[in-house]
Amino acid sequence: MRLVILDNYDLASEWAAKYICNCIVKFKPGQDRYFSLGLPTGSTPLGCYKKLIEYYKSGNLSFKYVKTFNMDEYVGLPRNHPESYHSYMWNNFFKHVDIDPNNAHILDGNAEDLQAECDAFEQKIKEAGGIDLFVGGIGPDGHIAFNEPGSSLVSRTRLKTLAMDTILANAKYFDGDLSKVPTMALTVGVGTVMDAREVMILITGAHKAFALYKAIEEGINHMWTVSAFQQHPRTIFVCDEDATLELKVKTVKYFKASCFLIMIELMHVQVHNV
Amino acid sequence: MRRGQRAAGAPVRQFTNCRILRGGTLLREDLWVRGGRILDPEKLFFEERRMADEQRDCGGCILAPGFIDVQMNGGFGVDFSKATKDVGSGIALVAQRILAHGVTSFCPTLVTSPPEIYHKVLPQIPVKSGGPHGAGVLGVHLEGPFISREKRGAHPEAYLRSFEDNAFHDVLATYGALDNVRIVTLAPELNRSHEVIQALTAQGICVSLGHSVADLGTAEVAVQNGATFITHLFNAMLPFHHRDPGIVGLLTSDQLPPGHCIFYGMIADGIHTNPAALRIAHRAHPQGLVLVTDAVPALGLGNGRHTLGQQEVEVNGLIACIAGTKTLCGSIAPMDVCIRHFLQATGCSVESALEAASLHPAQLLGLEKTKGSLDFGADADFVVLDDTLHVQATYISGELVWKAEEAGP
């Protein structure tokens, strides 16, 4: 595992965006060779999306040959509801870049047969040749996507009931009215994300510090599903200083020192003007 | 009225690098158009999985809904109240020339005239969609002849009429068929006005109060009977009085039917209304303000002396006087000039100024679903403006119909 610690949210967002950009550019995507990217929603990746849009606008990055797979979507929320993840992805990312709509995959929370929708999503990932880089976030309860505490660490894309913690955390997006918050969602499984060739988890803010501690300094535990990535061969956790507040000084010092190696690795793939 | 294709196969045009007026704010968003209508790009992306076929860079400009002028007596030498051999050509000429002012729809206005004129002219001004040929005609505005003698202004006294004998039948006899009529201005103090107002409203015609000496009570009853507009507020009506505000008092009346907004036209050329009066009206009731030009045939003729019918007119900038005198003879400020003056005089937001010339007239005429806004599904009639609100380009149904000359090399 690599832990990259930046001073603040903006720097963490920029680092993550540069990393994604470099992965895509290094891959040299083309007509018969698409780069598959797993994508998150929420407040954490907003800064990262803004930077990616900047790189597209300055001509350094194209999403023409990129396929995206979002992690989750609420069940029962109209697709054009301002809080749906379709709306989030359209407003914060898709509408600003050159991605082909046929290559932007998001689970349909209004499908007639929800499990069939989940199975079809897994199939689409398979047909795309698997995911090259899955970008995710972490909930305050240590969940990845909507794999709430207690989710199987080998789970696949499926229907999940949301934990009370999550519903409470989401209430602010629904006028503070708990009755308006969706209670179920379709989500990729922990196993689905583990299948990706590379995983990058973004964690920023002091309110995520305890979850980060549980995820990397304690054992693998289905109560903190992000901990599953301790067993993934290629995972990066990108965070700001605040997110490290619950970690041991020893852990932080170790990873700050080993950051140099990652920087050198990145310098081999310089993107002009980025 | 709209014959634009809505076939899913029609090309999708994306206007980028602009700020669009939507929901009362200028948003940094792209404007998507297909088949002559504003398109929802999110729906296009997720349901049809399509991208734009063409992108047009708007250079950071403002995109506002096309302006709607509900009171224009003529322009460029054309007088709408004249029964010329070819009324249609006159309308067409004006319709084409006002595209440069950002006007995409208008109501040709006829002043007080004898019945023969109405019978001859009205059938020649059909409702018509706009396009490269010119702004759309939404219907005719009939200002008079059922108005107050005392407040007739420049209207010819000989042709004033009342409808106290046969109410609506008198109206029909005077105008002839009402098919092409959209707005009628009348004085509500005339006997049996409530019957006429009700009958006109029932036909879908907007009734406006103007050229009147009505007191507030009479005006309120008129609104309760269906009147929804005030013709050029302050002009040709009793002045505001603190114990009887007259028609002006409608702006803050508590006797209007609940949920009804009273609209009022204002000529914001800096000449016909003192800026302080403009501000008082705007502050009292900003939602109802409708900018109108009330333009006369001298509009657009340029400085100098012009012969218009029986009149000799001297034009100097925005002032049109009877030649050799200082007597004003009508407004000649184009709509975009009115908007800029309104913005500067009231200190209102750019959004408010633009809505006064687009959304509010559309709401007055009950057309707000298709005109006066850039909401999804609305007709793609819009104006490209620079930051000083000068018109750079005009579009109708998503097609470019006018463009400003580029500055020379």
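Within region B:368-385, can you find the residues that are surrounded by 19 or more Cβ atoms within 10 Å (Cβ to Cβ) and at negative phi? The answer is B:LYS371, B:SER373, B:LEU374, B:ALA378, B:ASP379, B:ALA380, B:ASP381, B:PHE382, B:VAL383, B:VAL384, B:LEU385. The selection criterion, being surrounded by 21 or more Cβ atoms within 10 Å (Cβ to Cβ) and among the hydrophobic types (A, V, I, L, M, F, W, C), holds for B:ILE332.
Under the condition of being touching a helix residue (DSSP H, G or I) at 6+ places or on another chain (Cβ under 8 Å), open to solvent by 40 Å² or more (accessible area, probe 1.4 Å) and not in a loop (DSSP other than H, G, I, E, B), the residues counted in region B:175-198 number 2. All conditions but one from (1) surrounded by fewer than 20 Cβ atoms within 10 Å (Cβ to Cβ); (2) touching a residue at least 24 places away in the same chain (Cβ under 8 Å); (3) part of a helix (DSSP H, G or I) apply to B:LEU172; the one that does not is (2). Counting only strands (runs of 3 or more DSSP E) that sit wholly inside region B:1-97, those with at least 1 residues that are hydroxyl-bearing (Ser, Thr, Tyr) are B:12-22, B:25-27. Can you work out which of the residues in region B:47-61 that are within 13 Å of another protein chain (Cβ to nearest Cβ) and not aliphatic (A, V, I, L, M) is most open to solvent (accessible area, probe 1.4 Å)? Out of the qualifying residues, it is B:GLN55. Taken over region A:102-125, the criterion of being within 11 Å of chain B (Cβ to nearest Cβ) and either in contact with a His (Cβ under 9 Å, 6 or more places away or on another chain) or of a type in the set (A, V, I, L, M, F, W, C) (or both) is satisfied by A:ALA104, A:ILE106, A:ASP108. For region B:190-221, the candidate set comprises residues that are within 10 Å of B:ILE247 (Cβ to Cβ) and of a type in the set (D, E, K, R); within that set, the residue that is farthest from the chain's Cα centre (by Cα) is B:ASP215. Does B:VAL350 satisfy being touching a residue at least 24 places away in the same chain (Cβ under 8 Å) and within 20 Å of B:GLY77 (Cβ to Cβ)? Here the answer is no, as B:VAL350 does not meet what is asked. Taking the criterion of being surrounded by fewer than 19 Cβ atoms within 10 Å (Cβ to Cβ) and among the hydroxyl-bearing types (Ser, Thr, Tyr), the only residue of region B:284-311 that qualifies is B:THR307. Against the list (1) open to solvent by less than 40 Å² (accessible area, probe 1.4 Å); (2) at pLDDT 95 or above, the condition B:ALA167 fails is (2). Scanning region B:379-409 for residues that are among the hydrophobic types (A, V, I, L, M, F, W, C) and in a strand (DSSP E or B) gives B:PHE382, B:VAL383, B:VAL384, B:LEU385, B:VAL391, B:ALA393, B:ILE396, B:LEU400, B:VAL401, B:TRP402. The condition of being modelled with pLDDT under 95 and open to solvent by less than 10 Å² (accessible area, probe 1.4 Å) does not hold for B:ALA356. If the condition is being of a type in the set (A, V, I, L, M, F, W, C) and closer than 15 Å to B:HIS285 by Cα, then region B:241-267 contributes B:ILE247, B:VAL248, B:LEU250, B:LEU251, B:LEU256, B:CYS261, B:ILE262, B:PHE263, B:MET266.
Criterion applied to B:ALA83, B:ALA64 was being more than 14 Å from every other protein chain (Cβ to nearest Cβ) and either closer than 21 Å to B:SER352 by Cβ or among the acidic types (Asp, Glu) (or both), and the one residue passing it is B:ALA64.
Quick one: is B:ASN225 in contact with a His (Cβ under 6 Å, 6 or more places away or on another chain), farther than 30 Å from B:THR327 by Cα and surrounded by 15 or more Cβ atoms within 10 Å (Cβ to Cβ)? So B:ASN225 passes the test.
Taking the criterion of being under 21 Å from B:ALA362 (Cβ atoms), open to solvent by 50 Å² or more (accessible area, probe 1.4 Å) and out of contact with any helix residue (DSSP H, G or I) (no Cβ under 8 Å at 6 or more places or on another chain), the only residue of region B:257-278 that qualifies is B:GLY259.
Does B:ALA100 satisfy the condition of being within 14 Å of another protein chain (Cβ to nearest Cβ) and either among the aliphatic types (A, V, I, L, M) or closer than 30 Å to B:LEU233 by Cα (or both)? Break it down into steps so the answer makes sense when it comes.
Details: within 14 Å of another protein chain (Cβ to nearest Cβ): no; either among the aliphatic types (A, V, I, L, M) or closer than 30 Å to B:LEU233 by Cα (or both): yes.
No.
Of all the listed residues (B:LEU39, B:LEU44), the sole one being at pLDDT 95 or above, touching a helix residue (DSSP H, G or I) at 6+ places or on another chain (Cβ under 9 Å), within 14 Å of chain A (Cβ to nearest Cβ) and surrounded by 15 or more Cβ atoms within 10 Å (Cβ to Cβ) is B:LEU44. Checked against (1) open to solvent by 30 Å² or more (accessible area, probe 1.4 Å); (2) touching a residue at least 24 places away in the same chain (Cβ under 8 Å), B:ALA281 passes all but condition (1). Annotation note: of B:LEU374, B:LEU328, B:LEU318, the sole residue that is under 21 Å from the mean Cα position of the chain (by Cα), at pLDDT below 95 and of a type outside the set (Gly, Ala, Ser) is B:LEU318.
The values are calculated or read from the model by the stated rules, or taken from the named source; none is laboratory data. All values derive from a computational prediction rather than experimental measurement. Cβ: placed from backbone, ideal geometry, glycine included. Neighbour counts: every protein chain shown. Protein only, heavy atoms only, side chains kept; ligands, DNA and RNA dropped before computing areas. Shrake-Rupley method; radii C 1.70, N 1.55, O 1.52, S 1.80 Å.
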